[in-house]
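Since every read-out is calculated from the coordinates, none of them should be taken as a lab result. Predicted, not measured: the structure shown is a model, and the values here were computed from it. Because the Cβ atoms are built from the backbone with ideal geometry, glycine has one as well, and the counts that use them run over all protein chains shown.
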Amino acid sequence: MSETKSYKSYFQSALDNVREEGRYRVFQDIRRKRGAFPKATWYSDPTHEREITVWCSNDYLGMGQNECVIEAVKSAVDAAGTGSGGTRNISGTTHYHVQLERELADLHAKDRALIFTSGFVANEATLGVMRKILPDLVIFSDEMNHASMISGIQRSRCEKVIFKHNDLSDLEEKLKLYPHDRPKLIAFESVYSMDADIAPIEEICDLADKYSALTYIDEVHAVGMYGPRGGGVCEARGLMDRVDIIQGTLAKAFGMIGGYVAADDVIIDAVRSIAAGFIFTTSIPPSTAAGALRSVKILKISQEIRDQHKERANALKARFRDAGFPFIDGDTHIVPLMVGDPVKCKAISDRLISEFGIYAQPINFPTVPRGTERLRFTPSPFHSDVMMDELMAALNVVWDEFALKRQKVA
Ligand SMILES: *Cc1c(COP(=O)(O)O)cnc(C)c1O
């Protein structure tokens, strides 16, 4: 016991480091309100609560509160109970999983799809087995790739080459250095959620053809949201057949939990048969698969909600522009407001929630580079003009209070 105690100082000093770097995380305790998205109750301490407007949810389209999705989840619980009861191989492949995989394959116009516990696990497990399949593989990875892809690539122990973010000439320079017949894979995202920009997918696929590389795209922030059926940016740009492996999540626009990859039959069959992160874990609950299935089906035929979403994102950007706030004016639904200081970023967020009932999470290092700390706003179709009025009034107060700069308004 005393030995254990002496270890504690190491844990403490690890924490001290995190604190000193200004990246100690405090979770906000909230309860979402069904039917009132994006409103929630915030528990500032065990005895105090207040109503807030959530401005930083990844439930981008409010599908986590969609009545039809809720109904699908409830009736699956009624029909099949709670857990799946096993790994996919040992009694955990329920009819709900089979249907959902078919639906996801269809969404991305691929032969087959494979569900994982989360989008993180989908990336980690799929990229993680690549060397077992292609022993000499080199993976070319965008420098802004998500932690889950980085983890998968590390796990694979493949040779890794990092290219500059969305930089085609840097990518080509690096591809050129390897023999044409050496197996290669280019791993990148469509929508990068912290900078709100989109990859030049077609040009990356052209390079992949030229240098004979496989392509792997993370469409986590795009599935359900872009493309006429919500198939992501690849669908919107008519590129689904040019990307070999499409990875997505059920947890953001689809409002549930779980992740997946979609690809050719043989690719999925190999990942299914070899990836430890797929094999040795219990499958998602049938009700989760049922809810996700309903959500995917709804969003396939809901172009109007995507249009509304775009309109709301543009409305928020217009307000930020008029106020001279330094935001990243990207081509996506995400609106990062740059603060550039970890302590102020956290303090502003604290003021917004405690004083104004507005919840925008500070995004600090290591999620974004130091000096680029920001508040990341994700307006949804349900963020009304009144909510935007309230947000702007609050931001104007705190922005001046913290003496932050404004850009000249054109
Ligand atoms: C959120 C995220 C993931 C992980 O997806 P989860 O389903 O939340 O585990 C993967 N890639 C990117 C780019 C993400 O933002």
Original post:
If you take the charge dipole of region 326-408 about its Cα centre, with +1 on Lys and Arg Cβ and -1 on Asp and Glu Cβ, which of Leu337, Met388, Phe377 is farthest toward its positive end?
Top reply: Leu337
Subject >> Most fluctuating residue given options Ala394, Ala113, Ala251, as computed from a GNM of the chain linking Cα atoms under 10 Å >> reply: Ala394
Original post:
Mind checking which aspartates and glutamates have their C-alpha under 17 Å from Lys174, skipping anything on the same chain fewer than 8 residues away?
Top reply: Asp136, Asp142, Glu143, Glu159, Glu203, Asp206, Asp209
Subject >> Amide H contacts of Thr87 (H built 1.01 Å from N, under 5 Å, at least 5 apart or other chain) >> reply: Gly92, Ser283
Subject >> C-alpha center-to-center spacing [region 367-400, region 256-335] in angstrom >> reply: 22 Å
Original post:
Which entries in the list Lys317/Lys408; Lys33/Lys110; Lys176/Lys252; Lys132/Lys160; Lys74/Lys297 go over 26 Å, if you measure between the two C-alpha atoms of each?
Top reply: Lys33/Lys110; Lys176/Lys252
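How would you rank Met388, Met130, Met149, going from fewest to most other Cβ atoms within 10 Å of each one's own Cβ? Numbers along the way, then the final one.
Details: Met388 18, Met130 27, Met149 23.
Ranked by crowding around the Cβ, least crowded first: Met388, Met149, Met130.
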**OP:** Specify which residue in the list Pro228, Ala262, Met240 is farthest towards the positive end of the charge dipole of region 219-337, using unit charges on the beta carbon of Lys, Arg (+1) and Asp, Glu (-1), about the Cα centre.
**Re:** Pro228
**OP:** State to the nearest 20 debye the size of the charge dipole of region 275-403 about its Cα centre, where the only charges are +1 on K and R beta carbons and -1 on D and E beta carbons.
**Re:** 600 debye
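With charges set only on the Cβ (+1 for Lys and Arg, -1 for Asp and Glu), what does the dipole of the chain come to about its Cα centre, in debye to the nearest 20?
Working: 50 positive and 56 negative charges, 153 e Å.
So the dipole magnitude of the chain works out to roughly 740 debye.
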Original post:
What residues qualify as long-range amide H neighbours of Glu159, i.e. H under 5 Å apart, gap of 5 or more or another chain, H built at 1.01 Å from N?
Top reply: Ile139
**OP:** Using just the helices of the chain, give the 222 nm mean residue ellipticity in deg cm²/dmol: DSSP H runs with n ≥ 4 each add -39,500 (n - 2.57), and the total is spread over all residues, rounded to 500.
**Re:** -13000 deg cm²/dmol
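Can you tell me the dipole magnitude for region 52-165 around its Cα centre, using point charges on the Cβ only (Lys, Arg +1; Asp, Glu -1), in Debye to the nearest 20? Please report the intermediate quantities before stating the final value.
Details: 11 positive and 13 negative charges, 107 e Å.
With Lys and Arg at +1 and Asp and Glu at -1, about 520 debye.
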**OP:** Could you work out the per residue convex hull volume over the alpha carbons of region 51-154, in cubic angstrom?
**Re:** 183 Å³
Original post:
Under 20 Å from the Cα of Lys344, which aspartates and glutamates turn up, not counting those fewer than eight places away in the same chain?
Top reply: Asp16, Glu20, Glu21, Asp195, Glu355, Glu373, Asp400, Glu401
Original post:
Which residues' amide hydrogens lie under 5 Å from the amide hydrogen of Glu189, considering only partners 5 or more residues apart or on another chain, with H built in the peptide plane?
Top reply: Asp218
**OP:** Enter the Cα centre distance for the pair region 40-105 and region 164-220, rounded to the nearest angstrom.
**Re:** 33 Å
**OP:** Take the eigenvalues of the Cα gyration tensor for the chain, scale each by 5, and report the square roots as semi-axes in whole Å, largest first.
**Re:** 34, 27, 24
Original post:
Each residue of region 219-229 in order: what ³J(HN,Hα) in whole Hz does its phi give by Karplus 6.51 cos²θ - 1.76 cosθ + 1.60, θ = phi - 60°, with x for Gly and Pro?
Top reply: 10, 3, 8, 10, 5, x, 10, 10, x, x, 10
Original post:
Say R0 is 22 Å: what FRET efficiency, to the nearest 0.05, do Ala36 and Ser354 get from their beta-carbon distance?
Top reply: 0.60
**OP:** Using the charge dipole of region 18-63 (Lys, Arg: +1 at Cβ; Asp, Glu: -1 at Cβ; taken about the Cα centre), state which of Val26, Thr41, Gly62 has its Cα farthest towards the positive end.
**Re:** Gly62
